[in-house]
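Here is the structure we will look at, set down as structure tokens.
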Amino acid sequence: MSTLFATTVASAKPRDADYKLSDGGGLYLLVRPNGAKLWRLNYRYLEKHRTLAFGAWPDVGLADARTRRDEARRLIASGVDPCHQQKLDAARAKVAEDDTFELVAEEWVAKNAREGMAEITLSKIRWLLAKAYPRIGNRPVAKITAQEVLAVLRAVEATGRYESARRMRSVLSRVFRYAIATTRAERDPARDLRGALTVPKARHLAAITTSKGAGDLMRAIEAYTGHAVTLFALRLSAHLFVRPGELRQAEWSEFDFDRCLWDIPAEKMKMRRPHRVPLSRQVMKLFEQLHDLTGTGRYCFPSFRSPRRPMSENTVNAALRVLGFGQDQMSAHGFRAMAATLLNESGRFNPDAIERQLAHMENNAVRRAYTRGEYWSERVGMMQHWSDDLDRLRDDVRPGKPSFGRPYSATA
């Protein structure tokens, strides 16, 4: 039966030695000579006398101490030692504090790297996470609120990067879902913010899509006076029209020059499926010349700073600016749109063959089931046709004379 009152606890004075004020059920207030007032619970567990500490008054009031006593007695009744449970809860709390967002995020990134995620994708993820770390990196992942995540995203939005904010929300959500899967969090606060961000306007990457424009571009490329490796990257961007990341990360080991073939492994592809690129005669010659410059290393287009890394993703775009093509005129990715547009306009090739060479995935599942063919023979001829026409467009300087789409000879 409880015997203490709040006023009794508040007015208890220190003495020369410790003394106790009992409250019943094993609960008592231990008053120390220095004036400290500590809540304790005496109990028996497995025939042994034990004492459990509940904290100090006034941080823990009389009502709170009684509530903790009752919880401890319920644990004893269910066969659990409350001292052991208290230590276990403290250990779990410490682990939860140590499981910061940054620690969990880096662990998730490492897992994706082991599973073969493309390096360019990992780089973008790391870039987005680095922007989140200053605000929530040191926070326990289980305690981060939707308001905290929104503050991170708003900071990115404030710079006008709406698409980056949208992608960051997706990345943060994936980290939280990983934390849930590894029992370090119970919910994903980023999920609740899907409607909170500014929707970016659709933006098409700048591209030249006319025969005349393509000819002007090819002539400008041939007049480039910058780094020789960059010149080859510009030329091959036009002839191969692969994604910029696929080209700059190309490795010499991926090429079979006897078969005029480039095999791009699945982990480097956006759609995570291997891709084959036929090499035209012009492309074969360009790679032969490039091999004299970089053939002793791993990458066809190594970084200017270190041969152990591929060329920077900004190199081709920067070269286009040097050549006088503005951001609204042409981009590294624009070589794909240029090829797709002019090849389709020629009317000489199956659109599915063009899409397959672009490594696009058919969105319609039913249609995809019927277009699984590689169209390999047609693509081989198409890539030679494309290189031939790029050469014609480059060499045809007479104004107003269309040169794209001239009859293609299989023996040319």
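Read-outs: derived from the displayed coordinates by stated rules, not from any lab. A quick note: this is a predicted structure, and the numbers were derived from the prediction, not measured. Cβ placement follows ideal geometry from the backbone for every residue including glycine, while neighbour counts extend to all protein chains displayed.
I'd like the FRET efficiency for Asn42 and Asn112, computed as 1/(1 + (r/R0)^6) with the beta carbon distance as r and R0 of 56 Å, rounded to 0.05. Numbers along the way, then the final one.
Values: r = 53 Å, r/R0 = 0.95.
Computed FRET efficiency for Asn42 and Asn112 comes out at 0.60.
What are the trypsin sites (Lys or Arg not before Pro) within the stretch 100-207 that DSSP puts in a loop, where the Cβ has at most 11 other Cβ atoms within 10 Å?
Of the trypsin sites (Lys or Arg not before Pro), the ones in loops of the stretch 100-207 whose Cβ has at most 11 other Cβ atoms within 10 Å are Arg194, Lys201, Arg203.
Can you pull the one-decimal nm distance between simple spin-label points at Leu122 and Arg74, each 7 Å off the Cα toward Cβ?
4.8 nm
Which three semi-axes in whole Å describe the equivalent ellipsoid of the stretch 6-97, each the square root of 5 times a Cα gyration tensor eigenvalue, listed largest first?
Equivalent ellipsoid of the stretch 6-97: 25, 16, 12 Å, largest first.
Say each of Ala56 and Lys143 gets a label point 7 Å from the Cα, pointing the same way as Cα to Cβ; how far apart are those two points in nm?
2.1 nm
To the nearest 20 debye, what is the magnitude of the charge dipole of the chain about its Cα centre, counting +1 on the Cβ of each Lys and Arg and -1 on the Cβ of each Asp and Glu? Before the final figure, lay out the partial values.
Numbers: 68 positive and 48 negative charges, 229 e Å.
Dipole size: approximately 1100 debye.
Return the loop-located GluC sites (Glu not before Pro) in the stretch 121-201 (DSSP other than H, G, I, E, B) with at most 10 other Cβ atoms within 10 Å of their own Cβ; answer none if there are none.
Glu186
For all pairs of alpha-carbon atoms in the stretch 211-395, what percent lies in each bin of width 5 Å, listed from the first bin to the last filled one?
Result, from short to long distances: 1, 7, 17, 21, 22, 16, 10, 4, 1, 0 percent.
Between the helical axis of 62-77 and the dominant principal axis of the chain, each derived from Cα atoms, what acute angle in degrees is found, rounded to the nearest 10?
Helix 62-77 sits at roughly 80 degrees to that axis.
For the stretch 234-243, take each phi angle, set θ = phi - 60°, evaluate the Karplus expression 6.51 cos²θ - 1.76 cosθ + 1.60, and give the result in whole Hz per residue in order, putting x for glycine and proline.
In residue order, the calculated couplings are 5, 4, 6, 4, 6, 6, 9, 6, 7, 5 Hz.
Suppose the chain between Ile180 and Lys87 were pulled fully straight at 0.36 nm per residue; how much longer would it get relative to their current alpha carbon spacing?
Roughly 31.1 nm would be gained on extension.
For Lys285 and Ala223, compute 0.36 nm times the residue count separating them, minus their Cα-Cα distance, and round to one decimal in nm.
20.5 nm
If you work out percent of Cα pairs over 27 Å apart from the coordinates, which of [x] 59; [y] 67; [z] 54 do you get?
Answer label, from the structure shown: [y].
Calculate the dipole size of the stretch 204-262 relative to its Cα centre from +1 charges on Lys and Arg beta carbons and -1 charges on Asp and Glu beta carbons; express the result in debye to the nearest 20.
Values: 6 positive and 7 negative charges, 58 e Å.
That gives a dipole near 280 debye.
Which residues does a label at Ala266 reach in the stretch 110-138, if reach means a backbone N under 17 Å from a point 7 Å past the Cα toward the Cβ?
Only 112-119 pass the distance filter.
In whole Hz, with x marking every Gly and Pro, tabulate ³J(HN,Hα) for the stretch 287-298 from phi via Karplus 6.51 cos²θ - 1.76 cosθ + 1.60, θ = phi - 60°.
5, 4, 5, 5, 4, 5, 8, 10, x, 7, x, 7
Among Ala207, Ser11, Gly226, which residue has its Cα furthest toward the positive end of the charge dipole of the chain, with +1 on Lys/Arg Cβ and -1 on Asp/Glu Cβ?
So the residue we want is Ser11.
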